[in-house]
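Remarks on the structure that follows.
The values are calculated or read from the model by the stated rules, or taken from the named source; none is laboratory data. Since the structure is predicted, the reported quantities are computational estimates derived from the model, not experimental observations. Cβ atoms come from the backbone with ideal geometry, glycine included; neighbour counts cover every protein chain shown.
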Amino acid sequence: MESHLDCAAEAVKALSNALDKFEAAQESIAALCAYYGSNKWRQDYADDEAGLLPKNLKRGVLSEDGIWNVLTDCRELEERLSKLAHSMTGTSICEP
């Protein structure tokens, strides 16, 4: 039982820390969602293609897959968290 306690305590702490980071990133996720496919993104993409942006500029947001992959991963994580929360409701968590 001691190893179960250690395992559970570690997992709860790690998930809590990860959720803190995920919650803090919601503004960034919303900004990416609004930017992706917008006129601003299209203009930035066209400017990059025309060589108008600095060569040393990071371009992850201009790769169509970069933002798409993060937003898709985010949606999948939201579904996974929802299913996990639903499965935990009243069945897997004991009342102390």
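Any residue that is closer than 17 Å to LEU71 by Cβ and of a type in the set (S, T, N, Q) - is there at least one of those in region 6-27? The answer is yes, given that some residue of region 6-27 is closer than 17 Å to LEU71 by Cβ and of a type in the set (S, T, N, Q). Only one entry of LEU57, LEU53, LEU71 meets the criterion of being surrounded by 10 or more Cβ atoms within 10 Å (Cβ to Cβ) and either on the phi > 0 side of the Ramachandran plot or not in a helix (DSSP H, G or I) (or both), and that entry is LEU53.
Against the condition at pLDDT 95 or above, of a type outside the set (Phe, Trp, Tyr) and under 25 Å from ALA8 (Cα atoms), how does GLU79 come out, does it pass? Answer is yes for this residue.
From the list LEU62, LEU19, the lone residue that is more than 25 Å from SER82 (Cβ to Cβ) and of a type in the set (A, V, I, L, M, F, W, C) is LEU62. Within region 22-50, being surrounded by 10 or more Cβ atoms within 10 Å (Cβ to Cβ) and farther than 30 Å from ARG80 by Cβ holds for LYS40, ARG42, GLN43, ASP44, TYR45, ALA46, ASP47, ASP48, GLU49.
Name, by its number, the condition in (1) more than 19 Å from ARG80 (Cα to Cα); (2) surrounded by 11 or more Cβ atoms within 10 Å (Cβ to Cβ) that does not hold for LEU5. Only one criterion is unmet by LEU5, namely (2).
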